[in-house]
1. In debye to the nearest 20, how big a dipole does the stretch 384-440 give about its Cα centre with +1 on each Lys and Arg Cβ and -1 on each Asp and Glu Cβ?
2. Round to a whole number: what % of the accessible area of the stretch 141-193 belongs to carbon and sulfur, probe 1.4 Å?
3. To the nearest 10 degrees, how steep is helix 218-230 against the longest Cα principal axis of the chain, on a 0 to 90 scale?
4. Helix 292-303 versus the longest principal axis of the chain: what angle, 0 to 90°, nearest 10, using Cα atoms?
5. Using a Förster distance of 56 Å, how high is the FRET efficiency between Arg308 and Arg77, based on the Cβ-Cβ distance and rounded to 0.05?
6. Rg and Dmax in Å for the stretch 87-227, alpha carbons only: what are they?
7. Please figure out what share of the DSSP beta bridges in the stretch 309-432 is antiparallel and state it in percent, rounded to the nearest 5.
8. Please state, to two decimals, what the Cα-based radius of gyration of the stretch 290-381 comes to when divided by 2.2 N^0.38 Å (N = residues).
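The values are calculated or read from the model by the stated rules, or taken from the named source; none is laboratory data. Just so you know, these numbers come straight off a predicted model, no measurement behind them. Backbone-built Cβ (ideal geometry, glycine too); neighbour counts: all protein chains shown. Please note that ligands, DNA and RNA were not included when accessible areas were found on the heavy atoms of the full protein model with its side chains. Shrake-Rupley method; radii C 1.70, N 1.55, O 1.52, S 1.80 Å.
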Amino acid sequence: MPVVGATVGPGTGQDYAPHNLSSPPVRALVFGTDPDPVTSPLPADANRLEQNLRGTPMGIREIDDPEPIGPDWVVMRTRLCGICGSDTKQVFMDTGGDWPDAGMTAFISFPQVLGHEVVGTLTEVGPDAQARGLEAGQRVLLQCWLSCAPRGISPVCPACEAGDYELCWNFLDGRLAPGIHVGNSADATGGFGELVPAHASMAIAVPDDVSDEVAVLADPFAVALHSVTRTPPPTGGKVVVWGAGALGASAVAVLRALHPSVEICVVARTAAQQALVKQLGAHHVVPSDQEPLAIVEALAAWSGGVLRKPWDGLPIAHPGFVDNVYDTIGAPSTLEQALRVMKPRGWISVTGVNAPGRFEWSPWYFNEIRIVGSNAFGIEEVDGVRKHAIEHYLDMVRDGRVDITPMLTHTFRLDQWREAFTTLARQDRTGAIKVAFDYR
Ligand SMILES: [Zn+2]
Ligand SMILES: [Zn+2]
């Protein structure tokens, strides 16, 4: 098993190595190692995710002390790190179908220390990072993209120039191993470890009046913000949020804050998710644990769509009255159902990642529906102001427009990682929404 650490590539400031060699070893949850043996028997009612968790190639290891890989880098000590839906899918080896979501393997490298939803305290600050106003002891949020600037690529690509870090051209190049964000490059270890290295542009200061528990929810909020700013709903429109995990709940909060005239219906699975989205201001909730036909009927009834029945398969609202769908699941089934309730030329914004599969899409062309992908976040425009999505989140919590703290349902120490993931695997019973590792 190779040791994970900050591998220094050619021309990357090897001369800068101020870290303390006498410091204790750094512990991290490494993915891409031999599975740790588990001796306790699997509970009789264990589900597929719990079974997969047994064999996941992950365990706590001592890793090289992450250090700033150049004078414009910092190291932060993790305070809280949220477990993202993408981390969960990888750890559970849950591809959601027979065909794995394999395309992204072109852009990542192993082994990895996952975790990109990081709140930390700066422990080391390179001289160029100091010149940008960062200092040791400062509390920061990680802005996780491994785009041109962190990779030492200058001039930056047109996407980075425009603030669209998620569309950077250079995820395979420069001074870091392939990876799109912290946690999926072998050189940029994440918050499932005690220390996290980052480029100065990846550290966003957290104001003193924002707690760690509030700050740690910035990442899912930013993802939801991006999907709403890319495809905003019309004034007084009707929107459906599909899924009520961290992304769906955040989407409700974003819509309530920025588009208060819009009526929101959420398709939600667990009782805890249904209660949370109501608390955050959803007007209507449709349970997802029912037949697709019942979901389509419920959404048509809520929005006023008139259902027309084909020879076979699900009915189609004609006319339909749902303006926008924010699909945080992104499965063939959610797209098939969403297409059936849309207003002509409505927008479906897909933030969820799932395995591909066949679905019946005739309403796509027939009603000229626009299906668009939405990938994480970058610089966003809100009320005419352009700044990083995470900075918008901090502004919105400070001025009282947004409070998504009920989303953080569980925290665990890193040693309890199996418990943390079991809590997520049993979401229907535990009520888990956002689970985080707490190092404080
Ligand atoms: Zn995330
Ligand atoms: Zn770029």
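1. Taking the Cα centre of the stretch 384-440 as origin, the dipole is about 80 debye.
2. The value for the stretch 141-193 is 58 percent carbon and sulfur by accessible area.
3. The angle comes out near 50 degrees.
4. 80 degrees
5. For R0 = 56 Å, the calculated efficiency reads 0.40.
6. Gyration radius and largest Cα-Cα distance of the stretch 87-227: 15.5, 50 Å.
7. If we restrict to bridges inside the stretch 309-432, about 30 percent are antiparallel.
8. Values: Rg = 13.2 Å, N = 92, 2.2 N^0.38 = 12.3 Å.
Compared with the compact-globule rule of thumb, the stretch 290-381 sits at 1.07.
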